[in-house]
Amino acid sequence: MRQLITSDRLQDLKALVAKGHKINLCNGLGVDSTAVSVLLHSEGIRPDVITFADTGGEKPETLAHRHILNEWYASIGWPQITVCAKVTLPSTSYEDLTGNCHDNETLPSLAFGKKSCSIKWKQIPQDYFLKGCKAPHNPIPVHPLWAEYQETGLKIIKIIGYDAGRADIRRSKKLKGEDNDFIFNYPLQSVGWARAECVAAITEAGLPVPVKSACYYCPASQKWELFWLAGTHPHLFLNALQLERGALTGHHSRFADDVDWITWEDLVSDYDEYPSLNTCVGLGRSFAWNQWARIEGIVDRDGKFIGNRTELLRKATEPREAKEATGGNAQDARTC
């Protein structure tokens, strides 16, 4: 590929590497992470380790993209992706975020406007890979890069794939550029690449543009993404509906306290809209995926899948193309 035009601000990262700081590329296997890989390679910057945190709820396309990137990384002399995952106690009934939500009858924390699921299931496992873990059920030795930092005082640089779009700029402003353990660097923002530039760079590098990297039951999903999920992976869509039903009708449910005049099941089946509630009402935060799926004709009253998959994928494509035409979040319309 041709040399990409970059900003002089990327020199800050090169200067840190020249001083001896090592690089951990935190790879979410989405558009931004793939684009930042292309950018670093074009600038002659090689990460020392590449990590991906598997929550147990990623889409099959995302997991397949890891193998594609690993092949490309091998061809350019980069390290392979290390998969990091939270290890639960032997006495715990679940092993991942999906099981946590099902067994505890709860929604991901993002449904309530919080970020603990990302910290618990993504950030901490990747930190353990470097810093080690002394827990008896999850012993992890200290990584040589962390031992080197302890000896030299040169912190590891965590490369984060936040792009230069408004949403990611807003997110990154809330984060520190450095903490007690790591330096954080955002190359895509340094060079001004928003989603459209990322997609163009990935395509030019000869790589496929990946789907949005997020749990298939992510509360930040847009409705076109729900059409896509139902049309592409009906079994995952139904699993998400089951997860939501368990949370809204289970032992943690706050629904009955707010609506005592009708059951949640009847409300989903027979009403076009929820009454105004001062609480999260489902995976959509302001709407329940179960109710939406019934209204859209994807499931019947009993929760059986009855949707036309071809029509669902058509409905998914139209709003996505509209976003691309107006300079939105490009091909995957990422929201988290």
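Just a few scattered comments:
- Residue count for the stretch 88-111 under the criterion of being loosely packed, with under 15 Cβ neighbours inside 10 Å and either without any contact (Cβ under 8 Å) to a residue 24 or more places away in the chain or not in a loop (DSSP other than H, G, I, E, B) (or both): the result is 5.
- Within the stretch 185-223, the set of residues being surrounded by fewer than 17 Cβ atoms within 10 Å (Cβ to Cβ), free of Cβ contacts under 8 Å to residues at least 60 places away in the same chain and not hydroxyl-bearing (S, T, Y) comprises A200 only.
- Taken as a whole, the condition of being without any contact (Cβ under 8 Å) to a residue 60 or more places away in the chain and either in the same structural domain as S33 (by TED's automatic domain parsing) or in contact with a helix residue (DSSP H, G or I) (Cβ under 8 Å, 6 or more places away or on another chain) (or both) applies to H137.
- Of all residues in the stretch 1-30 being modelled with pLDDT of 95 or more and of a type in the set (V, I, T), the one that is surrounded by the fewest Cβ atoms within 10 Å (Cβ to Cβ): V17
- Any hit, the stretch 136-146, residues being under 23 Å from the mean Cα position of the chain (by Cα), not in a helix (DSSP H, G or I) and not basic (K, R): no
- Test: residue in the stretch 196-212 that is part of a loop (DSSP other than H, G, I, E, B), over 27 Å from W146 (Cα atoms) and among the charged types (D, E, K, R): yes
- Test: residue in the stretch 65-76 that is outside the structural domain of L229 (by TED's automatic domain parsing), on the phi > 0 side of the Ramachandran plot and outside any helix (DSSP H, G or I): no
- When G177, G165, G153 are checked against the criterion of being among the small types (G, A, S), surrounded by 14 or more Cβ atoms within 10 Å (Cβ to Cβ) and either closer than 14 Å to V31 by Cβ or in the same structural domain as V36 (by TED's automatic domain parsing) (or both), G165 stands alone in meeting it.
- Considered as a group, the residues in the stretch 138-150 that are of a type in the set (A, V, I, L, M) and under 19 Å from Q123 (Cα atoms) include one that is surrounded by the fewest Cβ atoms within 10 Å (Cβ to Cβ), and that residue is V142.
Yes/no matrix, rows are residues, columns are (1) among the hydroxyl-bearing types (S, T, Y); (2) closer than 30 Å to A147 by Cβ; (3) in the same structural domain as A164 (by TED's automatic domain parsing); (4) in contact with a Cys (Cβ under 9 Å, 6 or more places away or on another chain):
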{"site": "V31", "(1), (2), (3), (4)": "no, no, yes, yes"}
{"site": "V36", "(1), (2), (3), (4)": "no, yes, yes, yes"}
{"site": "R46", "(1), (2), (3), (4)": "no, yes, yes, no"}
{"site": "T51", "(1), (2), (3), (4)": "yes, yes, yes, yes"}
{"site": "E105", "(1), (2), (3), (4)": "no, no, yes, no"}
{"site": "L110", "(1), (2), (3), (4)": "no, no, yes, yes"}
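The values are calculated or read from the model by the stated rules, or taken from the named source; none is laboratory data. Since we're looking at a predicted model, the values are computed, not measured. Here Cβ is always computed from backbone atoms with ideal geometry, including for glycine, and neighbour counts include all displayed protein chains.
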